[in-house]
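Comments concern the structure below.
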Amino acid sequence: SIARQSIDSHGAVLLADSIAEAIAVINRMAPEHLEIMVAEPMALLGRIENAGAIFLGPYSSEPVGDYFAGPNHILPTNGTARFSSPVNVDDFVKKSSLIYYSKDALLANADKIMTLARHEGLEAHARAIEIRLEQERE
């Protein structure tokens, strides 16, 4: 009864004229779970861009992935697989961005940086660049 209610409320059957068309729809929908049930599922894998968890072939059903094969059960829902990934070890690793610009690189890009800062209304950011340019001229 739970499955019936879910299918009635949110289910759909989409028919595609080709595998290419089906993959295009999959990539737009960005499903949380995707089971690829074709003779050679690995041949299609590189064409799938947006899916939370991809289950390949008849022996790789959703419960295998959710409970036993290793990946976790926390997946992007409602099409968010277009820009988000399943929870993974990287979500628990602290990272920092490192930025190093040479004097020549700053001089070459200063005007563009100041323009972007001013378009965002961040005058102090633009001034931080201007001050460095003024110091270079002294």
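The values are calculated or read from the model by the stated rules, or taken from the named source; none is laboratory data. All values derive from a computational prediction rather than experimental measurement. Please note: Cβ atoms are built from the backbone with ideal geometry, for glycine as well, and neighbour counts cover all protein chains shown. Only protein heavy atoms, including side chains, enter the accessible area calculation; ligands, DNA and RNA are left aside. Shrake-Rupley method; radii C 1.70, N 1.55, O 1.52, S 1.80 Å.
Let me confirm something: among Gly79, Gly70, which residue is under 30 Å from Ala53 (Cβ atoms), small (Gly, Ala, Ser) and surrounded by 13 or more Cβ atoms within 10 Å (Cβ to Cβ)?
Values: Gly70 fails: surrounded by 13 or more Cβ atoms within 10 Å (Cβ to Cβ).
After ruling out the rest, the residue left standing is Gly79.
When you scan the stretch 67-99, how many residues do you find that are polar (S, T, N, Q), over 18 Å from Arg28 (Cα atoms) and in contact with a helix residue (DSSP H, G or I) (Cβ under 9 Å, 6 or more places away or on another chain)? Spell out how you get there, then give the answer.
First pass over the stretch 67-99, keeping only residues polar (S, T, N, Q): 72, 77-78, 80, 84-85, 88, 96-97.
Of the ones still in play, those that are also over 18 Å from Arg28 (Cα atoms) are 72, 88, 96-97.
Right, trim to in contact with a helix residue (DSSP H, G or I) (Cβ under 9 Å, 6 or more places away or on another chain) and you get 72.
Within the stretch 67-99, residues that are polar (S, T, N, Q), over 18 Å from Arg28 (Cα atoms) and in contact with a helix residue (DSSP H, G or I) (Cβ under 9 Å, 6 or more places away or on another chain) number 1.
Checking each residue in the stretch 11-66 for being touching a residue at least 40 places away in the same chain (Cβ under 8 Å) and in contact with a helix residue (DSSP H, G or I) (Cβ under 6 Å, 6 or more places away or on another chain) picks out Ala30, His33. On inspection, Ile23 passes the criterion of being hydrophobic (A, V, I, L, M, F, W, C) and modelled with pLDDT of 90 or more. The one condition from (1) over 25 Å from the mean Cα position of the chain (by Cα); (2) on the phi < 0 side of the Ramachandran plot that Gly121 does not meet is (2).
With Arg28, Arg47 as the choices, which residue is surrounded by 11 or more Cβ atoms within 10 Å (Cβ to Cβ), in a loop (DSSP other than H, G, I, E, B), at pLDDT 90 or above and of a type in the set (Lys, Arg)?
Residue meeting the stated conditions: Arg47.
Consider the stretch 82-115 and keep the residues that are open to solvent by 100 Å² or more (accessible area, probe 1.4 Å) and part of a helix (DSSP H, G or I). The one that is modelled with the lowest pLDDT is Val89.
Yes or no: Ile54 outside any loop (DSSP other than H, G, I, E, B), within 23 Å of Asp90 (Cα to Cα) and under 17 Å from the mean Cα position of the chain (by Cα)? Judged against the criteria, Ile54 is a match.
State whether one or more residues within the stretch 12-21 are open to solvent by less than 50 Å² (accessible area, probe 1.4 Å) and within 21 Å of Leu75 (Cα to Cα). No, every residue in the stretch 12-21 fails to be open to solvent by less than 50 Å² (accessible area, probe 1.4 Å) and within 21 Å of Leu75 (Cα to Cα).
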